[in-house]
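**Student:** Handing you a structure now.
Read-outs: derived from the displayed coordinates by stated rules, not from any lab. Keep in mind it's a predicted model, so treat the numbers as computed, not measured. When we count neighbours, we look across all protein chains shown, and the Cβ atoms used for this are built from the backbone with ideal geometry, even at glycine.
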Amino acid sequence: MHVEIQSHAISVNEFEALTETIPAFHPAYLPPWCEIVGKSLGQTVYFLEAREEGKLYGILPLVLMKSLLFGKHLIGLPYVNAGGCLVPESPRREEIEGCLIDEAVRLADRWDVRYLELRNEREISHPALSWERRGKVLMRRELPQEWETLWQQLGPKVRNQVRKGEKADLRITWGKEDLLSPFYEIFAETMRNVGTPVYPKRLFAEILRQLPDEAEIGVVSMANGRPVAAGLLVHGRGITEVPSAGALRFSHAFCANMFLYWHLLRHSVESRHARYFDFGRSSRESNTWRFKKQWGATEVPIVWKYYVRHGTIDDVRPDNAGYSLAIRVWKRLPVWLTKILGPRIVRGIP
């Protein structure tokens, strides 16, 4: 078994052959995804491929994050919650994963990064991965086959809040690049309000262009046509994820965010027949954790593993106490300014 380092993703046909026995996987493993993130953030991508006699047995996509502010990191994968090795289950699975991680460690040494980070959804052991983070969980909901069943499974409080949005005459529109601008305006303001630098608009443009069958945007508007909430859906095999969503503050009075999420879930069932809906990562008992739990989401443990070369895994974490002042200041900035500064900062945050 040897590992090849490529600068481009494997072909769609080879990817389908590799994953044909995997019933469900995260959209971050789709061949264009790593290139989308790397190109949009201006970073270098690597695709590690484990092969034997030419046959592909596993992959490990990585992005080399370089920033004057935060240093260098090798991440699998930034922006999304999942990453690490993609290897079909077999008696040789651990061996193949080990070969891929061996090469990732060598790549981390070559670039003298602060750390290598693999965002696994399952326990993977390797001697070099001596650090780990388990403080957060993925919140994921199993979906029924019919949206009517989904509606009945929701609690009365959630259904009442969705109805409040309906009574306010909210409506949702589905689209792609035609809805990018209203989506981004809402998302940028939402990120400013929580003190987080916003991703560049071109990231979402690239997702929509390169994943025409897997990515779409839903925008919730008032009766007068004003957009007030929006979300990006990306569909993998059996799993739909909402990596980015937001709602304007004043729209909480008529439950626009609840109306949005109901339609994100319903659309995943009705149009995509998804088996699972991935709400993303949260800390246990946090407000976002409670929000997702009310929709019927359950915890999926995630085990992020690290090969640390300099410092610690907490040095550039947003919840690091050293960033508290910066976050407070960011919340006070005008949105137009955060759309200029945010992409320049966030491109280097692992």
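**Student:** Would you work out the Kirkwood radius for segment 229-282? I mean one over the mean of 1/r across all pairs of different Cα atoms, in Å.
**Tutor:** Working: mean 1/r = 0.0865 Å⁻¹.
Taking every pair of different Cα atoms in segment 229-282, averaging 1/r and inverting gives 11.6 Å.
**Student:** If you don't mind, another one. Could you check which residue among MET222, MET139, MET65 shows the biggest mean-square fluctuation in a GNM of the chain with a 10 Å Cα cutoff?
**Tutor:** MET222
**Student:** If you project the alpha carbons of segment 1-75 onto their three principal axes, what span does each projection cover, largest first, in Å?
**Tutor:** Here the Cα extents, ordered largest to smallest, are 42, 26, 16 Å.
**Student:** GNM on the chain, C-alpha springs below 10 Å: top fluctuator among SER268, SER125, SER282?
**Tutor:** Sorting by GNM fluctuation, first place goes to SER125.
**Student:** Additional query: Using the Cα atoms as the points, what is the convex hull volume per residue of segment 176-263 in Å³?
**Tutor:** 97
**Student:** Over segment 1-128, what portion of Cα pair distances is larger than 23 Å, expressed as a whole percent?
**Tutor:** Of all Cα-Cα pairs in segment 1-128, 25 percent lie more than 23 Å apart.
**Student:** Given a cut-off of under 8 Å on Cα pairs at least six residues apart, what relative contact order in percent is computed for the chain?
**Tutor:** Relative CO of the chain lands at 24 percent.
**Student:** So how tilted is helix 180-193 from the main axis of the chain? Cα-based, degrees 0 to 90, rounded to 10.
**Tutor:** Between helix and principal axis, roughly 90 degrees.
**Student:** Which of LEU129, LEU48, LEU116 ends up with the largest GNM mean-square fluctuation for the chain, with Cα atoms connected below 10 Å?
**Tutor:** Answer for the Gaussian network model of the chain: LEU129.
**Student:** For the chain, what is the percent of antiparallel DSSP beta bridges, rounded to the nearest 5?
**Tutor:** Beta bridges within the chain, antiparallel portion: roughly 90 percent.
**Student:** Report the equivalent ellipsoid semi-axes for segment 73-138 in whole Å, largest first, defined as the square roots of five times the eigenvalues of the gyration tensor built from alpha carbon atoms.
**Tutor:** Working through the eigenvalues yields semi-axes of 18, 17, 11 Å.
**Student:** Between their Cα atoms, which of LYS157/LYS305; LYS164/LYS201; LYS167/LYS293; LYS136/LYS201; LYS39/LYS176 are more than 29 Å away from each other?
**Tutor:** Where the Cα-Cα span goes over 29 Å, the pairs concerned are LYS157/LYS305; LYS164/LYS201.
**Student:** Restricting to DSSP loop positions (anything but H, G, I, E, B) with no more than 13 other Cβ atoms inside 10 Å of their own Cβ, which GluC sites (Glu not before Pro) remain in segment 84-166?
**Tutor:** Sites meeting the loop and neighbour criteria: GLU89, GLU123, GLU146.
**Student:** Hey, how much of the P(r) for segment 256-350 falls beyond 18 Å, as a percent of Cα pairs?
**Tutor:** Values: 2997 of 4465 pairs.
Cα-Cα pairs in segment 256-350 separated by more than 18 Å: 67 percent.
**Student:** If you take all C-alpha pairs in segment 197-316, what percent of them are over 19 Å apart?
**Tutor:** When every Cα pair of segment 197-316 is considered, 58 percent fall beyond 19 Å.
**Student:** Just in segment 1-64: which GluC sites (Glu not before Pro) are loop by DSSP and have at most 11 other Cβ atoms within 10 Å? Provide the component values of the computation, followed by the final result.
**Tutor:** Working: sites: GLU4, GLU14, GLU16, GLU20, GLU35, GLU49, GLU52, GLU53; in loops: GLU20, GLU53.
Taking segment 1-64 and a limit of 11 other Cβ atoms within 10 Å, the loop GluC sites (Glu not before Pro) found are GLU20, GLU53.
**Student:** Moving to a separate point now. Where does segment 90-171 land on Rg/Rh, using Cα atoms and the Kirkwood Rh? Please list the in-between numbers first.
**Tutor:** On the way: Rg = 22.2 Å, Rh = 17.6 Å.
Rounded to two decimals, Rg over Rh is 1.27.
**Student:** Let me ask another. Scaled to the compact-protein estimate 2.2 N^0.38 Å, what is the alpha-carbon radius of gyration of segment 112-235, rounded to two decimal places?
**Tutor:** Segment 112-235 yields a ratio of 1.39.
**Student:** Counting alpha carbon pairs within less than 8 Å and at least 6 residues apart, what relative contact order, in whole percent, applies to segment 180-328?
**Tutor:** Reported relative contact order: 18 percent.
**Student:** Sticking with this structure for a sec: Okay, helix-only estimate at 222 nm for the chain: each DSSP H run of n ≥ 4 adds -39500 (n - 2.57), divide by all residues, round to 500 deg cm²/dmol; what do you get?
**Tutor:** -10500 deg cm²/dmol
**Student:** Can you give me the Cα centroid spacing of segment 36-63 and segment 199-224 in angstrom?
**Tutor:** 25
**Student:** List the residues, sorted by chain then number, that are 5 or more residues from SER244 or on another chain and whose placed amide H is less than 5 Å from its amide H.
**Tutor:** Here LEU232 satisfy the definition.
**Student:** Let me ask something additional. Along segment 269-278, what does the Karplus equation 6.51 cos²θ - 1.76 cosθ + 1.60 (θ = phi - 60°) give for ³J(HN,Hα), rounded to whole Hz, x for Gly and Pro?
**Tutor:** For segment 269-278, the Karplus-derived couplings read 7, 6, 9, 10, 6, 5, 8, 9, 10, 9 Hz, x marking Gly and Pro.
**Student:** Over the alpha carbons of the chain, what is the largest minus smallest coordinate on each principal axis, giving the biggest first in Å?
**Tutor:** Principal axes ranked by extent give 61, 46, 36 Å for the Cα atoms.
**Student:** Now for a separate question. For segment 34-74, take the alpha-carbon Rg, divide it by the Kirkwood Rh, and send me Rg/Rh. Mind showing how you got there, number by number?
**Tutor:** Values: Rg = 13.0 Å, Rh = 11.5 Å.
Checking Rg against Rh, the ratio lands at 1.14.
**Student:** In whole percent, what relative contact order does segment 23-68 give with Cα contacts below 8 Å and a gap of six or more residues?
**Tutor:** Averaging sequence separation for qualifying contacts and normalising by length gives 32 percent for segment 23-68.
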